[in-house]
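This report concerns only the one structure given below.
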Amino acid sequence: MIAADFGFGLVVKNLLSPTHILSIVRVDMIVPIMLMLITRKIVDRFGILILYEGVWGLFSVFAMPAAFGLPGFLKLIPALAQGIILDSLMSLLRRYHRIRFFISAIWGGFLSSVAFFGLRLALGYPWVRVVQLLFGIRMLTGLLVWACGATLALSVWEKIKDTQMVRRIVHAGGD
């Protein structure tokens, strides 16, 4: 899943980059959100998304220089923060997977964005009027993108939850 997420990002970001749409709406995040939520649902253990984001962050250190707009190993900070936030939220309401997908996606997206902007401010990035405006726009569109990712994750989960491969993974995990 991590490789699919990372590969998808390498291709889609490069395809959409010339349009500058990603400066306003991160449509490239819908599939990665779905992959993260599905991964956590299949292996429903705290720490899975921290590991997922940590590995993704390490990949980005070496192969995606523009990831998070941060240099080198600093990319690991927002990646791990997002993993902790999403894992924590996915641990809530375990019996109600539909609700927890949306809570995790929407609140996780919001809190991850706040954490990311907080990190950028701590590193000395400016908080000028334009950044404030873009933060608001990106936050609003980000919440819509994360909700779309959760909707896609639910749709995919309904299709794969009873497959033999998923049952084997879930059974191996002790559920």
**Complete:** Considering segment 14-45, residues that are free of Cβ contacts under 8 Å to residues at least 24 places away in the same chain and touching a helix residue (DSSP H, G or I) at 6+ places or on another chain (Cβ under 8 Å), and then whichever is nearest to GLY69 (Cα to Cα), we arrive at LEU22
**Request:** Looking for whichever is outside any helix (DSSP H, G or I), within 26 Å of HIS20 (Cα to Cα) and at pLDDT below 90 here; the options are GLY124, GLY118. Which one fits?
**Result:** GLY124
**Item:** Tabulated pairs, segment 63-74, first surrounded by 11 or more Cβ atoms within 10 Å (Cβ to Cβ), second in a loop (DSSP other than H, G, I, E, B) and hydroxyl-bearing (Ser, Thr, Tyr), C-beta under 9 angstrom, 6+ apart or interchain
**Value:** GLY69/TYR125
**Prompt:** Is it true that some residue in segment 138-147 is of a type in the set (Lys, Arg), assigned to a helix (DSSP H, G or I) and touching a residue at least 60 places away in the same chain (Cβ under 8 Å)?
**Reply:** yes
**Prompt:** How about segment 75-98: which of its residues are without any contact (Cβ under 8 Å) to a residue 40 or more places away in the chain and among the basic types (Lys, Arg)?
**Reply:** LYS75, ARG95
**Item:** segment 75-116 - residue that is of a type in the set (D, E, K, R) and crowded, with 17+ Cβ neighbours inside 10 Å and, of those, nearest to ARG45 (Cα to Cα)
**Value:** ASP87
**Message:** Condition first: within 18 Å of PRO32 (Cα to Cα) and small (Gly, Ala, Ser). Now tell me which residues in segment 95-117 satisfy that.
**Reply:** SER104, ALA105, GLY108, GLY109, SER112, SER113
**Message:** List the residue pairs whose Cβ atoms are under 8 Å apart, where the first residue sits in segment 99-123 and is β-branched (Val, Ile, Thr), the second is assigned to a helix (DSSP H, G or I), and the two are 6 or more positions apart or on different chains.
**Reply:** ILE103/LEU89; ILE106/LEU143; ILE106/TRP146; ILE106/ALA147; ILE106/ALA150
**Item:** Residues located in segment 44-75, provided they are under 12 Å from ASP87 (Cα atoms) and part of a helix (DSSP H, G or I)
**Value:** ILE48, LEU49, ILE50, LEU51, TYR52, GLU53
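The values are calculated or read from the model by the stated rules, or taken from the named source; none is laboratory data. Note that this is a predicted model, so its numbers are computed, not measured. Note: ideal-geometry Cβ built from the backbone for every residue, glycine included; neighbour counts use all protein chains shown.
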